[in-house]
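**Student:** Below is one structure. I have some questions about it.
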Amino acid sequence: MNTIKNFDRQNLKMLRPEFEAAFAGIAAKYGIDARLGNAVFDPTNATFKLELSVKADNGTVQSKERVDYQRYAAAYGLKPEWLDTTYREYGGREFRILGLDIKKHKNIVAIADANTGKRFIVAPEIVIAHKTRSQSASSALKGF
């Protein structure tokens, strides 16, 4: 067993999967979701952010972003039914709408790449443009 004398980026990256696995086991036991966030550290101390969320009866994680989207989507011109849907950007990549990060000022919509799962934060106008474009294209195709 290796002893850590000082914290650095490399040994925190090594520890992260073990922490995630441990929290996943605890979360599964209690039927919740646990997400390990960013870490801040100096040579003698490290602090990770841990976000815990309950799950709805259908198993959907009720994250703060998701709940905020349900509450505030209309205030930003977004439709509530767009939550958990996908859209395709001009380059062909597909993104899933995850929720709102209302602590941000301009880019507040949390999305994830449908293939890789990588998360991004974008402006509501971007989502609105892509969603309305894809909806108008699909309604135009219904006429054929």
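Coordinate-derived values only; no laboratory data. Because the structure is a prediction, the values reported are computed rather than measured. Positions of Cβ are backbone-derived with ideal geometry, glycine not excepted, and every protein chain shown enters the neighbour counts.
**Student:** Could you list, in sequence order, all residues of segment 74-94 that are outside any loop (DSSP other than H, G, I, E, B) and either farther than 18 Å from ARG119 by Cβ or touching a His at 6+ places or on another chain (Cβ under 8 Å) (or both)?
**Tutor:** Residues satisfying the conditions are ALA74, ALA75, TYR76, PRO80, GLU81, TYR87, ARG88.
**Student:** Considering LEU50, LEU36, LEU78, which residue is under 22 Å from HIS130 (Cα atoms) and either touching a helix residue (DSSP H, G or I) at 6+ places or on another chain (Cβ under 8 Å) or exposed (fewer than 10 other Cβ atoms within 10 Å of the Cβ) (or both)?
**Tutor:** None of the other options fit; the residue is LEU78.
**Student:** Please identify the pairs in which a residue from segment 102-120 that is free of Cβ contacts under 8 Å to residues at least 24 places away in the same chain has its Cβ atom under 7 Å from the Cβ atom of a residue that is part of a loop (DSSP other than H, G, I, E, B), counting only partners at least 6 apart or on another chain.
**Tutor:** Between residues of segment 102-120 that are free of Cβ contacts under 8 Å to residues at least 24 places away in the same chain and residues that are part of a loop (DSSP other than H, G, I, E, B), the close pairs are LYS106/ALA123; ASN107/ALA123; ALA112/LYS118; ASP113/ARG93.
**Student:** Within segment 9-53, can you find the residues that are within 17 Å of the chain's Cα centre (by Cα) and among the basic types (Lys, Arg)?
**Tutor:** ARG35, LYS49
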